[in-house]
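First comes the structure, then the notes that go with it.
Just so it is clear, none of the values below were taken in a lab; they were calculated from the coordinates. Quick caveat, the model's predicted, so the values are computed rather than measured. With ideal geometry, Cβ positions are generated from the backbone for all residues, glycine too; neighbour counts draw on all protein chains shown.
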Amino acid sequence: MYYFIINPNSRSGAGARIWSELQSVLDKKRIQYKAYFTEYPGHAVKLAASICSSDAAPLSICLVAVGGDGTIQEVLSGIPSLCSVRFGYIPTGSGNDFCRSMNLPKNPMKALDIILSDTACTPMDVAEFTANGQNCRFAISCGIGFDAAVCHEINHSSLKKILNRIHLGKFAYLLIGLKQLLLFPPVGISIETESGEKHFYEKVFLTAVMNHKYEGGGFQFCPEADSNDGFLDVIIVEGMRRPTLIFCLFLSIFGKHTGFRGVHLLRCKTVTVRSSKPLAVHKDGESAGICKKFTASLAQEPVQVILPDKPVS
């Protein structure tokens with residue numbers, strides 16, 4: 001039995017249409033499955049918890065998220081015990097950072113074929129995030145700075161809703177991203193790891209805690225990040241003039257930015273980040289509100305992810 005949690009509003013509303021096509025394949029092949037649709041932000045957390053906690057649920061559940069990177073984050077947050085789940089992912093979002101890092105196809109039909117092929121699973125580290133007294137998990141990254149400010153403004157702007165109606169929602173990220181890149185005021189950031197190591201940085205534009213290489217739709221902020229190495233990678237970008245910052249971000253698409261003066265990389269299992277003033281925070285590209293402090297740490301157990309037997313070309 002396969003359990004699908006679908007975000008029908010992903011990819012500017014195309015998620016529902018894509019699921020209809022996937023459903024036709026499942027029915028044609030007479031696959032046993034149950035489908036659950038999210039209706040509001042945070043709903044996937046409740047759905048995952050309910051599915052896994054049901055008296056009728058098997059000991060090992062094949063749980064598949066159909067949506068964007070934010071849907072993955074919510075589904076993982078709702079699973080009571082990560083070791084009891086085989087996790088599959090079918091991308092219908094626009095960022096696809098999870099696919100980039102895990103070498104999954106971006107084509108939903110090809111992703112479904114991998115899930116149905118009953119291939120062996122690969123363990124993936126999952127991280128836990130705490131801010132504003134709330135706890136959740138994330139798969140890709142969390143952070144504070146100009147990228148989080150983009151996520152926060154997107155959630156509170158009518159621009160994305162307007163552009164979504166004409167299937168151009170991705171342009172909202174571009175426009176708001178350019179605005180934040182030019183106007184975001186750098187701040188002081190302190191970092192503390194589980195070993196007691198402490199750092200303070202002035203005029204920080206970006207602090208990201210990475211479980212995967214990519215975030216933000218293809219920025220390779222931590223090129224050495226590995227979701228199966230038992231560590232989180234942290235990048236801090238500080239003290240740059242705007243033209244240099246823009247060039248640095250451009251090179252990060254190729255992972256060639258780490259030699260810039262002002263780019264700092266750390267590796268740890270737990271990190272606490274404090275800001276000199278309240279700022280927007282994100283987890284897996286979704287706004288996590290406004291705060292001055294958050295903590296990220298590795299969960300005690302990984303999740304088994306269904307991946308292709310050989311790299312996707």
| field | Rough spin-label spacing in nm, given labels placed 7 Å along Cα→Cβ, for residue 21 and residue 54 | value | 2.7 nm
| message | Is there a quick way to get the dipole size of the chain? I mean about its Cα centre, with the Cβ of Lys and Arg at +1 and of Asp and Glu at -1; what is the value in debye to the nearest 20? | response | 940 debye
| HN-Hα J in Hz across the range 125-139 - Karplus 6.51, -1.76, 1.60, θ = phi - 60°, x for Gly and Pro | 4, 10, 10, 10, 10, 10, 7, 6, x, 10, 10, 7, 10, 9, 9
| Mean ellipticity per residue at 222 nm, deg cm²/dmol - from DSSP H runs of n ≥ 4 across the chain, formula -39500 (n - 2.57) | -9000 deg cm²/dmol
| query | Using the Kirkwood radius built from alpha carbon pairs, what does the Stokes-Einstein equation give as D for the chain at 20 °C and 1.002 mPa s, in µm² per second? | reply | 108 µm²/s
| task | Once you have a ≥ b ≥ c as the square roots of the Cα gyration tensor eigenvalues for the range 103-159, tell me rounded if a/c is under 1.5, and otherwise prolate or oblate according to whether a/b is larger than b/c. | result | oblate
| message | Using only the alpha-carbon atoms, what does the range 191-303 span along each of its principal axes? Please give whole angstrom values in decreasing order. | response | 41, 30, 28
| field | Burial order of peptide ranges 213-220, 145-152 (average beta-carbon count within 10 Å, highest first) | value | 145-152, 213-220
| task | Please report how far the C-alpha centroid of the range 270-288 lies from that of the range 72-131, rounded to the nearest whole angstrom. | result | 23 Å
| said: Taking amide H atoms as placed 1.01 Å from N in the peptide plane, list the residues 5 or more away in sequence, or in a different chain, whose amide H sits under 5 Å from that of residue 64. | reply: 3, 4, 5, 88
| note | Taking Cα atoms, the helix 146-156 axis meets the longest principal axis of the chain at an angle in degrees (rounded to 10) of 50 degrees
| request: Diagonalise the Cα gyration tensor of the range 68-147 and give the resulting equivalent ellipsoid semi-axes, square root of 5 times each eigenvalue, largest first, whole Å. | output: 24, 17, 10
| remark: Given backbone amide H placed at 1.01 Å from N, residues whose amide H is under 5 Å from that of residue 270, ignoring those fewer than 5 places away on the same chain, are 194
| request: Compute the distance in nm between two label points, each set 7 Å from the Cα along the Cα-to-Cβ direction, one at residue 269 and one at residue 246. | output: 4.3 nm
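Please compute the length gained on full extension between residue 110 and residue 203, using 0.36 nm multiplied by the number of residues separating them and subtracting their Cα-Cα distance.
Numbers: separation 93, 0.36 × 93 = 33.48 nm, distance 4.41 nm.
Difference between extended and current length: 29.1 nm.
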| field | In Hz, Karplus ³J(HN,Hα) per residue of the range 105-115 (6.51, -1.76, 1.60; θ = phi - 60°; x = Gly, Pro) | value | x, 7, 7, x, 5, 5, 5, 5, 4, 5, 5
